[in-house]
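The values are calculated or read from the model by the stated rules, or taken from the named source; none is laboratory data. A quick note: this is a predicted structure, and the numbers were derived from the prediction, not measured. Note that each Cβ is placed from the backbone with ideal geometry, even for glycine, and that neighbours are counted across all protein chains shown. Accessible surface areas use protein heavy atoms only, side chains included; no ligands, DNA or RNA. Shrake-Rupley method; radii C 1.70, N 1.55, O 1.52, S 1.80 Å.
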Amino acid sequence: MDAIAPAPETAASGDEAPLGAGEKLSAYGHARRKRDRCRRLIRGAVGIVAVLLLWQAMAVAYNLQQILPPPLTVARTIFDTLTLNYQQRWLYGPNIYEHLAASLVRAVSGFAIASALAIPLGLLVGRLRAVREFVDPVIRSLYPIPGIAWIPLAILWFGLGNTTVIFVVVIAEFFPLYFNTETGARNINPTLVDAARCFGAKRFTLFRRVILPASFPYVITGMRIALGGAWRMIVAGEMLASESGIGSVLMESRFQFRANDLMMAMILISVVGFATERLIIGTLEKKTTERWEVKVF
């Protein structure tokens, strides 16, 4: 008798098919995120180059080198300052690294204090009507006062120095943190809260599993706005109430009529502010909202 031919191997089992589909979806998502990052980088670079070209054209066309130095001149000043190889005498006390470190410490300290005060209060006010009716009118009555208006009072209370600058930074950062957090906590979909309660979630579990994750996109937005505002307020505070920090370099360079140094200080504020925002807010966002996959509906 003829030998019976072996049966052909069966197709992949049903357990392997979903795994392959999942891998394909994961690879597609990774490729899409990579394309999105490349697109953002390219478009951002094009925007920066366009601003630099416009800056160069204005400085040359209108002969503004004394008050608006060209980008290459400012870049040379930044390089000389960062390498401590000064072409002109340095008139601003400590080197630029000490000034940047002083401003950075003030920004991070003010941000941490404001977050510790505003975020819990915003969550509390957003979820409890009785607390909102007592606290919210007080905060809204203080909100229209400009941050810079607190500087004379802070000087009167604390004198010149770190405490005054940190105080005005906390005041400036508190309001965007509070309002964004309160809005996020108040606008949580009631269906989510009711569903959690139906599954037996008590107060702490409800807060940890529902209220905090649902509010956090708003908290992240408030943090991003507050950290940017911190650098603006630091410059104002250091101009008036401190002899160190990047704001004091800005003020002194104006007195010395050194536009190169003034533009250099402004660009360093931009770079350091962007770096701190990416480091602090970007990292926190990846660890929370992106990991939790929380979206605002």
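Of note:
- Percent breakdown of C-alpha pair distances by 10 Å bin, ordered from the shortest bin, for region 178-297: 12, 31, 23, 16, 12, 6, 1
- 10 Å-binned pair-distance histogram of region 176-232 (Cα, whole percent): 25, 42, 22, 9, 2
- Accessible-area composition of region 45-165, carbon plus sulfur, in percent [1.4 Å probe]: 70
- Accessible area in square angstrom per residue, the chain, 1.4 angstrom probe: 63
- Value of relative contact order over the chain, rounded to a whole percent, pairs C-alpha under 8 Å and six or more apart: 21
- Sorting 73-83, 50-60 by their mean Cβ neighbour count within 10 Å, with the most densely packed peptide first, gives 73-83, 50-60.
- Separation in nanometres of the label points that stand 7 Å from Cα toward Cβ, at Leu52 and Ser270: 1.1
- Region 73-199, dipole about Cα centre (Lys/Arg Cβ +1, Asp/Glu Cβ -1), debye to the nearest 20: 120
- The chain - charge dipole about Cα centre, Lys and Arg +1 at Cβ, Asp and Glu -1, debye rounded to 20: 520
- Global dimensions of region 69-158 from alpha-carbon coordinates: Rg and Dmax equal 21.1, 63 Å.
- Angle between the chain longest axis and helix 129-142 axis [Cα atoms, degrees, rounded to 10]: 30
- Cα principal axis extents for region 70-220, largest first, Å: 71, 35, 27
- Solvent-accessible area, 1.4 Å probe, carbon plus sulfur percent, for region 202-274: 64
- Mean sequence separation of contacting Cα pairs (under 8 Å, at least six apart), scaled by the length of region 96-206, corresponds to a relative contact order of 40 percent.
- Once all protein chains are placed together, Lys287 keeps about 130 Å² accessible to a 1.4 angstrom probe.
- For the chain, calculated [θ]222 nm from helices alone, where every DSSP H run of n ≥ 4 adds -39500 (n - 2.57): -24500 deg cm²/dmol
- By accessible area with a 1.4 Å probe, ligands and nucleic acids excluded, highest first: order of Glu133, Glu252: Glu133, Glu252
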